[in-house]
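Everything on this sheet refers to the single structure shown next.
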Amino acid sequence: MTTATLSHTPLVFRISQALGRRGGIALGIAAFAAFVLVPLLHLAVPESSVFHLSDYFVTLVGKILCYALVAVAVDLIWGFAGILSLGHGLFFALGGYAFGMYLMRGIGRDGSYHSDLPDFMVFLDWKELPWFWQGSDSILWAVVMVLVVPALIAFIFGYFAFRSRIKGVYFSIITQALTYAAMLLFFRNETGFGGNNGFTDFKRILGYSITAPETRVMLFALSALALMLTLVGANYLMKSKFGRVLAAIRDAESRVMFLGYNTLWYKLFVWTLSAMLCAIAGALYVPQVGIINPSEMSPANSIEIAIWVAVGGRGTLIGPVIGAGIVNLAKSWFTVSFPQYWLFFLGTLFIVITLYLPNGVVGLWNSLRARMKV
C-alpha cells in the first residue's frame, strides 16, 4: 500500500489492519462495553435491578483500568526493551499529584477551614500559595503538568543513566532508590504536598461534583479510552522499525551499537514515553479513588507493578492488562476476606510464575493453543 493510498484509508480500517481481525474485534467489544454498556447499566438501570452496575463496581474497574495502563507502560520498557524499572510508582504518583493540585484548588471555600487555601496549608499556618502552585486552578495547566513534569524527570534521569551504560539489576536498584527518595521528600510537610496525608476530600472537577454518577462514568470511560489508545499506539510502535530496533537492543545491545545505531536515544524515548503513560494513569486514578499520598511512591508498589506484567506475560501488551486485572481483583477479594494473607498470596504467585510460567498467562494460553492444534 502506497503512502498516498494509506493517507486516504479510514482510521478505523488502519487500526483494524494493525491489530489483526481478532484484535480489531476485541477492541470493538471493549469499546462497546466501556462507552455504551457500562454507562447504560450504571445510569439508566435502576438500583433494584440485578443488571445495575453499582458505584463500587464502576470505581473498582476504573481503578484497575488505570493500573492496566501502568502495566502496559512498564511492559514497553521491560518486555520490549529489557529495562526493568522498580520505580515507576514515582511517575504514577507524580501524575496523580499534578492533577490532585487542580482538584484541591477546586474545593475552594468548601473545605473545613472555608479558606481559598487548601486545608492542609491552613492547618500549617501558611499565608499564601507556594510559587509552584500558581496556575493549578486551571485544568489545562494541570494536564500540562501531568505530562511535562514526569517526562522531564524521566528524561534527565534516563539520559544520565543510559549514557553511563547502567543496566540490569543496577538500573533496577537505582530506580527503586529514586522513588524511595521521592517518597521521603513528599512525606515532609514543608514540601507543600500535604505530607503523609497527601490530597483528599475532593469536591469538583470542571465544576461538576466528583461523586456524581455521570462524573464517575466519564472518568471510567476516559480510563478505558486511554488504555485502548495506548494499546493501539504501542502495538503500532512495536511493529515498526523502531520496535524491531528496540527488541534488538533488548537481545544484544552491543551488536546494535556495532551496526551504527545510537541506542541511547531509543531507550531514552521509550523510557520517557513509559513515564508519561504512568503519569496519565495516575491523573485518571486520583479523582476515581479520591486520594493521593506518598505511599503510592513506595518501592513495594513499583515491585507489584512488575508482578502484574510478569503474571500476564511481558512483551505481549495484552498480557500486562490481564495480569493487572487478575492481581488487583484478587487483591480486592483478599484484602476484604483474608487481609492478613494477601502478601503471602502475592509472593507465592510471583514465585510460581517465575518458576513455572516464565511467559505468564498469555504464554500458557499460547502453549495450550499450540498443543490443541497438533
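Would you mind finding the one in Val122, Val149 that is at negative phi, buried (at least 16 other Cβ atoms within 10 Å of the Cβ) and without any contact (Cβ under 8 Å) to a residue 12 or more places away in the chain? Just one listed residue meets the conditions, Val122. Taking each residue of the range 228-244 that is touching a residue at least 12 places away in the same chain (Cβ under 8 Å) and looking for partners that are outside any helix (DSSP H, G or I) with beta-carbon atoms closer than 8 Å, six or more apart or interchain, yields Leu231/Leu317; Ala234/Leu317; Asn235/Leu317; Met238/Phe80; Met238/Leu317; Gly243/Phe80. Residues that are surrounded by fewer than 24 Cβ atoms within 10 Å (Cβ to Cβ), within 13 Å of the chain's Cα centre (by Cα) and among the small types (Gly, Ala, Ser) within the range 277-327 comprise Ala306, Gly325, listed in sequence order. What single numbered condition from (1) among the β-branched types (Val, Ile, Thr); (2) at pLDDT 90 or above; (3) within 18 Å of Ala234 (Cβ to Cβ); (4) outside the structural domain of Glu296 (by TED's automatic domain parsing) fails to hold for Val38? Of (1) among the β-branched types (Val, Ile, Thr); (2) at pLDDT 90 or above; (3) within 18 Å of Ala234 (Cβ to Cβ); (4) outside the structural domain of Glu296 (by TED's automatic domain parsing), only one is false for Val38: (3).
For the range 319-332, indicate whether the set of residues that are touching a residue at least 40 places away in the same chain (Cβ under 8 Å), of a type outside the set (S, T, N, Q) and either in the same structural domain as Ile64 (by TED's automatic domain parsing) or not in a helix (DSSP H, G or I) (or both) is non-empty.
no
Scanning the range 66-112 for residues that are of a type in the set (Phe, Trp, Tyr) and assigned to a helix (DSSP H, G or I), we see that the one that is surrounded by the most Cβ atoms within 10 Å (Cβ to Cβ) is Phe92. Where helices (runs of 4 or more DSSP H) sit wholly within the range 118-205, those with at least 2 residues that are at pLDDT 95 or above and closer than 18 Å to Leu86 by Cα occupy 139-163, 168-187. Considering each residue of the range 269-283 in turn, at least one proves to be in contact with a Cys (Cβ under 7 Å, 6 or more places away or on another chain) and under 30 Å from Lys63 (Cβ atoms).
So is Leu222 closer than 30 Å to Asp55 by Cβ and under 18 Å from the mean Cα position of the chain (by Cα) or not? Before the answer, list the steps.
Working: closer than 30 Å to Asp55 by Cβ: yes; under 18 Å from the mean Cα position of the chain (by Cα): yes.
When the stated conditions are applied, Leu222 passes them.
None of Ile353, Ile305 is of a type in the set (Val, Ile, Thr), in a helix (DSSP H, G or I), farther than 25 Å from Leu27 by Cα and in contact with a helix residue (DSSP H, G or I) (Cβ under 7 Å, 6 or more places away or on another chain) except Ile353. Name the residue, out of Thr175, Thr200, Thr230, Thr191, that is out of contact with any Ser or Thr (no Cβ under 6 Å at 6 or more places or on another chain) and buried (at least 19 other Cβ atoms within 10 Å of the Cβ). Selected residue: Thr230, the only one of Thr175, Thr200, Thr230, Thr191 that is out of contact with any Ser or Thr (no Cβ under 6 Å at 6 or more places or on another chain) and buried (at least 19 other Cβ atoms within 10 Å of the Cβ).
The values are calculated or read from the model by the stated rules, or taken from the named source; none is laboratory data. Everything numeric in this text was worked out from a predicted model, so none of it was measured. FYI the Cβ positions are ideal-geometry reconstructions off the backbone, even for glycines, and counts take in every protein chain you see.
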